[in-house]
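Below is one structure; the comments refer to it alone.
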Amino acid sequence: DGGITQSPKYLFRKEGQNVTLSCEQNLNHDAMYWYRQDPGQGLRLIYYSQIVNDFQKGDIAEGYSVSREKKESFPLTVTSAQKNPTAFYLCASRTLGELFFGEGSRLTVL
Amino acid sequence: AQSVAQPEDQVNVAEGNPLTVKCTYSVSGNPYLFWYVQYPNRGLQFLLKYITGDNLVKGSYGFEAEFNKSQTSFHLKKPSALVSDSALYFCAVRDLASGNTPLVFGKGTRLSVIA
């Protein structure tokens, strides 16, 4: 079945460590997005990519990095510079105007 | 700039009663509007969208939304609520003239349907 796969679903990290969240899609969509979700704050855009080898910062890019080497893949690295990384992270891809979301990855910093 | 507001953090409704979840938006041009639903620890699922045409849009699971240009609103409605409708609902908007800019989401409204 076509869709977006995020892994891992749950991740625990010690302070000072970088972690990478995986996002893979087989929908043949050009555009992909990373959102962060915190209780009561809705979805905030971290990074997005309209095409392979190109990406743009969203509203809260500080402390995060991405790459887009393949159309299918858009991994997100949460670096040690991100001061409050504990959150639920959602990856999405877009066709026409509609976004399709993965099931999310919950990151907890211990 | 584009923005969307969901004025209610929480909406409570009895099962079988009609429900409304409110959304207002702000864009420079014509809006492209969406509603999504999220169940606990899951991703967002698409419910419906409005681009142009009939102001009443029908979507998944019996939901519909009414576009009102003069009030810049896009409220989500359902004639008879089910307990299984309890979830977090997000409204989103993009300016049709803005090319491929990302959707802007509201902060979400938690719907609780009580049996």
Margin query: Please go through the stretch B:15-31 and give me each residue that is under 12 Å from the mean Cα position of the chain (by Cα) and more than 21 Å from B:Ser112 (Cβ to Cβ), ordered by number.
Written below: B:Thr24, B:Tyr25
Notebook entry, point to check: Taking the condition under 11 Å from the mean Cα position of the chain (by Cα), surrounded by fewer than 16 Cβ atoms within 10 Å (Cβ to Cβ) and among the β-branched types (Val, Ile, Thr), does A:Thr77 pass?
Noted result: yes
Note to self: So if I check each of B:Val27, B:Val21, B:Val57, which one is closer than 17 Å to A:Gly40 by Cβ and surrounded by 15 or more Cβ atoms within 10 Å (Cβ to Cβ)?
What the structure shows: B:Val21
Item checked: So A:Arg68, is it over 29 Å from B:Gly59 (Cα atoms) and either out of contact with any helix residue (DSSP H, G or I) (no Cβ under 9 Å at 6 or more places or on another chain) or outside any strand (DSSP E or B) (or both) -> yes
Margin query: Residues that are within 14 Å of chain B (Cβ to nearest Cβ), of a type in the set (Ser, Thr, Tyr) and either under 24 Å from B:Pro40 (Cβ atoms) or out of contact with any His (no Cβ under 8 Å at 6 or more places or on another chain) (or both): does the stretch A:17-24 have at least one?
Written below: no
Checklist line | Top-ranked residue of the stretch B:68-78 - restricted to ones that are of a type outside the set (S, T, N, Q) and under 19 Å from B:Glu8 (Cβ atoms), ranked as surrounded by the fewest Cβ atoms within 10 Å (Cβ to Cβ) | finding: B:Lys77
Next item on the list: Among the residues of the stretch B:65-107, count how many are on the phi > 0 side of the Ramachandran plot and at pLDDT below 95.
Entry: 1
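The values are calculated or read from the model by the stated rules, or taken from the named source; none is laboratory data. The shown structure was predicted, so the numbers you read here are calculated from the model rather than taken from an experiment. Glycine gets a Cβ as well: all are built from the backbone with ideal geometry, and neighbour counts include every protein chain shown.
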